[in-house]
Amino acid sequence: MKRRDFLAAAAATAWSASFNWSHAARADQAPAFNRLPDRDGRIFLAPPKEFLFTDLRHINAGDLVWRGPNGNPIPVAGPPEPPVEAKPDNWGVARGVRFVAQKATKEGPIAEMPANVVYSDGLYRAWNLKTNYAGEDLGSYSGSPAKSITVQYSESKDGYAWQNRDLNEMPVSDVTGIDGDGFFIDPNGPPEERYKGIYNARVLDNVGPLWEAYEKKTHPRNRHVGLGPNYIYALFGLVSPDGLNWKLLPEPLLVHKGDTDNTVYYDAWLQKYVLYTRLMIYDRRAIGRAESDDFRHWGPVQPMLATSLADPCSYDIYLNARTSYPGLPEQQLMFPMIYRRDTQTSEIRMYTSMDGALWDRVPGGPVIEPSDPPGWDGVFLTAGKNLVPLGNDRVGIPLRGYSRPHKYPRWPGVITVRNGWATWPKGRLVGLVADQQGQFNTFGMPVTGQKLLINAKVHPGGEIRVGIHNADSRQPSDCDPITGDNLAHNVTWHGQSDPKVKPGDTVRMRIHLRAAELFGLQWT
């Protein structure tokens with residue numbers, strides 16, 4: 001008997017040169033990359049032209065240096081005799097700056113817009129599954145057997161005007177409650193499997209062998225607590241050479257109850273497929289993570305992200321909405337929906353990761369919340385995938401709004417669902433903020449252009465100065481003061497754009513900020 005459904009959801013892949021993203025790469029080509037991190041431990045899949053300050057990967061923490069009366073540093077081990085009064089020097093310590101998640105702008109409603117979008121070859125594309133049941137269709141709550149699934153396809157040239165159509169219908173058997181579907185373009189797989197999908201379903205027949213294999217293979221700490229020998233869910237996959245003609249894979253990908261939200265992408269640095277899925281921990285929704293070498297055989301689902309002790313005790317992390325920044329696949333982001341059980345409403349937070357395994361919430365509060373008073377976005381919001389480039393120097397993720405709380409009785413026609421975009425100016429998802437004086441040194445940065453641009457907002461009376469120096473230099477930054485609000489300030493030294501370095505060099509930068517917000521740097 002064939003068990004099947006669908007593989008899901010996700011990786012931001014390639015971004016069109018029509019948006020003048022200088023780091024653009026094709027979605028269907030695996031990028032060239034170095035298998036090892038750089039000397040500071042950072043991962044680059046290709047020499048980057050753009051550096052975003054969404055996490056600590058470009059910020060050197062620094063440390064105190066102890067100096068003698070002559071100003072020379074004194075080593076910690078074997079210092080010269082006789083002892084002298086050592087003076088602390090914190091010149092190289094990062095200070096006076098903090099990370100702040102930037103609020104999104106909501107655009108909508110947009111008719112026929114899907115919840116998960118991939119941008120590839122100049123088109124916005126999306127896939128989702130429609131299930132035909134033998135009995136009443138209650139979606140993920142259905143108990144009657146599924147008869148078939150149909151892949152529905154959506155396409156847009158601008159992200160606003162959408163055309164939708166059904167693709168091939170595929171018979172299924174012995175499954176029900178299908179949900180959690182998602183799709184991605186695979187830069188690694190064979191041509192006949194360039195497009196992949198995943199979905200969640202309950203298995204109705206012959207579950208004993210599945211449970212026995214799961215129990216034998218999976219340590220109790222990695223088993224889904226809700227599953228048992230008479231109650232089995234699994235994640236299923238499907239593949240396509242062109243995104244238009246699909247076939248189901250005959251066997252489950254893994255036994256797991258990954259309802260509602262599954263994200264899969266190919267990690268070119270790990271050389272593995274990575275899954276983000278639903279977990280339940282002490283009756284709270286959380287996010288788990290698993291890896292696979294071939295998309296068909298998966299390791300255990302490991303707990304990865306749960307609500308913080310600083311959150312109200314009634315909160316869940318409901319959806320993962322994992323993505324990456326357009327053209328910078330190593331710049332990993334997540335927009336999980338935080339479910340507030342006390343009101344059955346939601347908010348969207350932002351998390352970042354340097355490796356896809358260790359995640360941290362960006363300070364600054366929710367980046368998306370329902371409007372007050374409620375607008376088109378309703379009272380319950382979910383963020384979709386992926387983060388894609390939009391016109392007018394913006395990036396955005398799909399957004400879905402519901403007119404009623406999440407578990408409100410779902411009588412036909414009572415709940416209105418509308419979709420739109422949540423957008424940010426290009427590169428401005430996280431700001432490195434100096435309220436007064438701030439400074440830090442970067443780690444070594446590869447030079448990949450002739451001029452340096454800075455994405456920053458400087459408040460009245462403030463400024464930013466950038467200095468390019470070697471690790472031992474103590475000369476103050478000498479670029480011309482940067483003021484104003486610009487996605488691409490041209491950094492100049494004595495009126496000249498030449499930074500006196502050449503492509504291929506590795507440099508460290510010293511950045512001073514006063515009353516300013518820094519978002520990123522870019523070589524051009």
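Which FRET efficiency value, to the nearest 0.05, is calculated for residue 91 and residue 524 with the Förster distance at 41 angstrom and r the Cβ-Cβ distance?
0.85
With label points built 7 Å along Cα→Cβ from the Cα atoms of residue 417 and residue 355, find their separation and express it in nm.
In this crude spin-label approximation the distance works out to 3.8 nm.
Note down the magnitude of the dipole of the stretch 277-358 about its Cα centre, charges +1 on Lys and Arg C-beta and -1 on Asp and Glu C-beta and zero elsewhere, to the nearest 20 debye.
For this selection, approximately 240 debye.
Which pairs, out of 216/407; 103/457; 272/451; 157/196; 49/500; 130/257, put more than 25 Å between their alpha-carbon atoms?
216/407; 272/451
For labels at residue 121 and residue 217 in the simple 7 Å Cα→Cβ model, what's the distance in nm?
3.4 nm
Tell me the angle of helix 207-217 to the major Cα principal axis of the chain, expressed in degrees between 0 and 90 and rounded to the nearest ten.
30 degrees
Out of 313, 359, 102, whose Cα points farthest toward the positive end of the dipole of the chain (charges: +1 Lys, Arg; -1 Asp, Glu; placed on Cβ)?
313
Report the net charge of residues surrounding residue 227, where surrounding means a beta-carbon distance below 11 angstrom and charges are Lys +1, Arg +1, Asp -1, Glu -1.
Around residue 227, the charge tally is +2.
Would you please name the chymotrypsin sites (Phe, Trp or Tyr not before Pro) within the stretch 59-114 that are DSSP coil residues with at most 15 other C-beta atoms within 10 Å of their C-beta?
91
Given the rule -39500 (n - 2.57) for each run of at least 4 DSSP H residues, summed and divided by the residues of the chain, what is its mean residue ellipticity at 222 nm, to the nearest 500 deg cm²/dmol?
The helix-only estimate for the chain comes to -500 deg cm²/dmol at 222 nm.
Among 249, 323, 68, flag the residue with its Cα farthest along the positive direction of the charge dipole of the chain, charges on Cβ as +1 for Lys/Arg and -1 for Asp/Glu.
Result: 68, furthest along the dipole toward the positive end.
Heavy-atom accessible area of residue 138 with all protein chains present, probe 1.4 Å, nearest 10 Å²?
For residue 138, the solvent-accessible surface is approximately 90 Å².
For the stretch 254-266, take each phi angle, set θ = phi - 60°, evaluate the Karplus expression 6.51 cos²θ - 1.76 cosθ + 1.60, and give the result in whole Hz per residue in order, putting x for glycine and proline.
Each residue of the stretch 254-266 in turn: 6, 7, 5, 8, x, 6, 6, 8, 9, 10, 10, 8, 9 Hz.
Grab the beta carbon distance between residue 393 and residue 204, set R0 = 60 Å, and tell me the FRET efficiency rounded to 0.05.
Computed FRET efficiency for residue 393 and residue 204 comes out at 0.75.
Under 5 Å between amide H atoms, partner at least 5 residues away or on a different chain: which partners does residue 117 have, H built in plane at 1.01 Å?
Amide H neighbours of residue 117, under 5 Å, 5+ apart: 385, 386.
Sort 108-121, 250-263 by packing, meaning the average of other beta carbons within 10 Å per residue, with the highest value first.
Final packing ranking: 250-263, 108-121.
List the trypsin sites (Lys or Arg not before Pro) within the stretch 348-420 that DSSP assigns to loop and that have no more than 15 neighbouring Cβ atoms inside 10 Å.
For trypsin sites (Lys or Arg not before Pro) across the stretch 348-420 that sit outside H, G, I, E and B with at most 15 neighbouring Cβ atoms in 10 Å, the list reads 407, 410.
What are the ³J(HN,Hα) couplings of the stretch 77-87, residue after residue, when phi is run through the Karplus curve with 6.51, -1.76, 1.60 and θ = phi - 60°? Round to Hz, x for glycine and proline.
3J(HN,Hα) across the stretch 77-87, in whole Hz: 10, x, x, x, 8, x, x, 10, 6, 7, 10.
Write down the accessible area per residue of the stretch 177-272 in Å², having rolled a 1.4 Å probe over the full set of protein chains.
I get 40 Å² per residue for this part.
Set the Förster distance to 30 Å, then compute FRET efficiency between residue 469 and residue 81 from the Cβ-Cβ distance, nearest 0.05.
The computed FRET efficiency comes out at 0.35.
At a 1.4 Å probe radius, carbon and sulfur cover how many percent of the accessible area of the chain?
Exposed carbon and sulfur together represent 51 percent of the surface.
The values are calculated or read from the model by the stated rules, or taken from the named source; none is laboratory data. Note that this is a predicted model, so its numbers are computed, not measured. Backbone-built Cβ (ideal geometry, glycine too); neighbour counts: all protein chains shown. When the accessible area is computed, the model is the full protein with side chains, heavy atoms only, and any ligands, DNA or RNA have been set aside. Shrake-Rupley method; radii C 1.70, N 1.55, O 1.52, S 1.80 Å.
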